[in-house]
Amino acid sequence: LIGATSLSLACKIEEENVRLRDIINVCYRTLHKNKAPLEIGDQFWALRESIASCELFLLRALQFTVVFDHPHKYLCHYLKALSDWFEPQQWERYPIANTAWAFLQDSYHSDLCLDFQSKHIAISVLYLALLCHGLEVPFHKYARKKWWQVFSKDVTLETIQTITTKIMDMYSAENQLPR
């Protein structure tokens, strides 16, 4: 019930048009693999009412704080700014944007977005992408500010390294899963 309610609430918050009926059907089939699909009847309407009631409970538990600042919007801006700092042929030679985007997508498999600010996560995946491709920001060594401090005054190298370590640990843990 909590899972179905969370999915329903997340779809509403993110303005994704997903019918509650579809959420109920998927959750029911996930829990009852050997049963026939749920027909629209008393049990369906009871589940629907339970989800609506549970949604109010969940909102109260979250103290109606349901706004989420996605790191993607920061990453898009940071990639554009950083690409202007590089020579065009150098930027095009390496898939920095794709690599950073992949790291960011994969980071949602962890709790990073709960523990760190979105802009710090975006900077960290960009840092990791540059590191993976062996690139340094041009003239970074001679600048008064580190390139990541241009994007966020309050981010530190320690925070970036903590986030990148958590991302790499996530990949390590995934590789240790039995196949």
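Since every read-out is calculated from the coordinates, none of them should be taken as a lab result. Because the structure is predicted, anything quoted here is derived from the model rather than measured. All Cβ positions, glycine included, derive from the backbone under ideal geometry; neighbour counts span all protein chains shown.
With a/c under 1.5 counting as rounded, go ahead and sort the stretch 2-61 into rounded, prolate or oblate using the C-alpha gyration tensor (a ≥ b ≥ c being the square roots of the eigenvalues; past the cut-off, prolate if a/b is larger than b/c, else oblate).
Here the stretch 2-61 falls in the prolate category.
Using helices alone, what [θ] at 222 nm do you get for the chain, with -39,500 (n - 2.57) per DSSP H run of 4 or more residues, divided over all residues and rounded to the nearest 500?
About -21000 deg cm²/dmol.
Lysines near LYS12 by alpha-carbon distance under 20 Å, same-chain residues fewer than 8 away left out - which ones?
Counting by Cα, and skipping residues close in sequence, LYS12 has these lysines nearby: LYS73.
Under the classification rounded if a/c is under 1.5, otherwise prolate if a/b is larger than b/c and oblate if not, where does the stretch 46-157 fall, given a ≥ b ≥ c as square roots of the Cα gyration tensor eigenvalues?
In terms of gyration-tensor shape, prolate.
Within the stretch 1-82, list the GluC sites (Glu not before Pro) lying in a DSSP loop whose Cβ has at most 13 other Cβ atoms in a 10 Å radius.
Working: sites: GLU14, GLU15, GLU16, GLU39, GLU49, GLU55; in loops: GLU14, GLU15, GLU16, GLU39.
Answer by residue number: GLU14, GLU15, GLU16, GLU39.
When we measure straight from the Cα of LYS145, which lysines land under 22 angstrom away, once same-chain ones fewer than 8 places off are left out?
Within reach: LYS80, LYS119, LYS153.
Nearest 10 degrees, 0 to 90: what angle lies between the long axis of helix 20-31 and the longest principal axis of the chain (Cα atoms)?
Computed tilt is about 90 degrees.
Under the classification rounded if a/c is under 1.5, otherwise prolate if a/b is larger than b/c and oblate if not, where does the stretch 96-154 fall, given a ≥ b ≥ c as square roots of the Cα gyration tensor eigenvalues?
Note, shape of the stretch 96-154 comes out oblate.
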